[in-house]
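Before any comments, here is the structure.
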């Protein structure tokens, strides 16, 4: 028990610094894979030594990892920092929700072939509930999701705490790139089911807000991809006009 509270105190002390929290939030929501001390120092207008301290503290509690960069410049290699996918969880008093999730998923798998359909239906309904809440935030929606400002679209599609990166490819389609998996810790055992569940949640959200938009899963982490990729496709141009 003491170890739990000591770890919680360590994590909370790291985030007690507002700049450090903003640095982590910035890294979490950007599309770049790695960051240098110089990049963070310039972005937040702080001395490189201060930036290095903030990054080191985030690495100490397991939110970032660092490696030596031997390619970007000649001479002595510098450190580059990147996100760790493993999540940190604080709960007072301690709770075991990850274990509960794991046991429920195991139970669903034991129920037979219909478990996948049940899981996806529940995910889709959850997405619809998210869409109903989103309507209160953005009551006047444009014809397609990619016509929204990127910040507004990110807020609408954020179901896991991390907004997606949107790349518009054509007038009738767009691509969503999701760096953070809300179910990452369980992907090794339940990857196929959880990717399908995540897709179902987003489908319920998207198709409720835009019935003429279809969401297709292109790549996902269990397939070896570095991020999940989904395509938004306009099905009927007349319906959007």
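The values are calculated or read from the model by the stated rules, or taken from the named source; none is laboratory data. Just so it is clear, the structure is predicted and the values come from calculations on it, not from any experiment. Glycine also receives a Cβ, built like all others from the backbone with ideal geometry; neighbour counts cover every protein chain displayed.
A few remarks follow.
- Scope the stretch 81-101; condition modelled with pLDDT under 90 and assigned to a strand (DSSP E or B); matching residues: 82, 83
- Taken as a whole, the condition of being in contact (Cβ under 8 Å) with a residue 12 or more places away in the chain and either part of a loop (DSSP other than H, G, I, E, B) or within 14 Å of residue 83 (Cβ to Cβ) (or both) does not apply to residue 22.
- Condition met for residue 130 (under 24 Å from residue 220 (Cα atoms), assigned to a helix (DSSP H, G or I) and at pLDDT 80 or above): yes
- For first residues located in the stretch 202-225 and not assigned by TED's automatic domain parsing to the domain that holds residue 122, partners that are surrounded by 16 or more Cβ atoms within 10 Å (Cβ to Cβ) and lie 6+ apart or on another chain with Cβ distances below 6 Å do not occur.
- Restricting the stretch 161-187 to residues that are more than 17 Å from the chain's Cα centre (by Cα) and at pLDDT 80 or above, the residue that is farthest from residue 84 (Cα to Cα): 172
- Test: residue in the stretch 59-68 that is surrounded by fewer than 15 Cβ atoms within 10 Å (Cβ to Cβ), modelled with pLDDT under 85 and farther than 22 Å from residue 7 by Cα: yes
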